[in-house]
Amino acid sequence: MKSITLRVLDGANRGEVYEGISVPVTIGREEGNTIQLNDERISRFHLKIQQDHDDLVLTDLQSTNGSRVNNEEVQLKILRKGDLISIGRSTLVYGAREQIGERFDVSQTPSDPAAVDKFVAMGEVLLSEEPPELPKRLSPGQAAQLAEVIEYLHLHLRHIIQDAEMSQRGQAIHLSQVKWQQIVDLQSRLAEYTNKIGKPAS
């Protein structure tokens, strides 16, 4: 069974380290959680972290104030070393210092392991250059649906890029208001997809 490390960076429990705890892990303010945090803005049972094959998945348990990973509100999220988990007034970082340092390029990460906490808290290493992998256990129907969604996004982005104009010095890209609005619409659709995927099946 996978074990993980979570460290509290901010909140009433700041400085506490939960090292080598076995998943599944629940976090909330009530007794009975794997990690109990003293924070009135956290729900009784706020979120759950569990293993799904090789992935570590965070699920918001329909909490009152929601869960955020790297400052983005989430319902479901695959966690990676160095991710910041924010609930209520508390912020936790997933992974030990050494694990976080290994994830990112050494040229971007402080050489002093003690400085990694501050580096992560400043948000300098939250975005990985590598995109997430596609799911590997899809049924043929699910794979076809996912391919259709990706193709839709690809064709619309290609159409927008083809109409973009580069400035004479090549230092800026100009888009018409219509094309900009199409990008905003694509972001909106992606947000809707994420919302639908994250909602528990009824």
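Values quoted throughout were computed directly from the atomic coordinates according to the rules given, and no laboratory measurement underlies them. Since the model is a prediction, treat every value here as computed from it, not as a measurement. All Cβ positions, even for glycine, are placed from backbone atoms using ideal geometry, and neighbour counts span all protein chains on display.
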Subject >> Ordering of 45-51, 6-12 by burial proxy (mean other Cβ atoms within 10 Å per residue, highest first) >> reply: 45-51, 6-12
Subject >> Above-threshold pairs, the threshold being 22 Å between Cα atoms, out of Lys77/Lys179; Lys77/Lys136; Lys136/Lys179; Lys48/Lys77; Lys2/Lys199; Lys179/Lys199 >> reply: Lys77/Lys179; Lys136/Lys179; Lys2/Lys199; Lys179/Lys199
Subject >> Mean separation of Cα contacts under 8 Å, 6 or more apart, over the residue count of the range 1-107: relative contact order % >> reply: 25
Original post:
Hey, if you put +1 on the Cβ of every Lys and Arg and -1 on every Asp and Glu Cβ in the range 41-91, which of Asn70, Gln50, Ser90 ends up farthest toward the positive end of that dipole?
Top reply: Ser90
Original post:
With a ≥ b ≥ c the root eigenvalues of the C-alpha gyration tensor of the range 132-176, is it rounded (a/c under 1.5), prolate (a/b larger than b/c) or oblate?
Top reply: prolate
Original post:
So what's the gap between the Cα centers of the range 72-104 and the range 1-46, to the nearest angstrom?
Top reply: 13
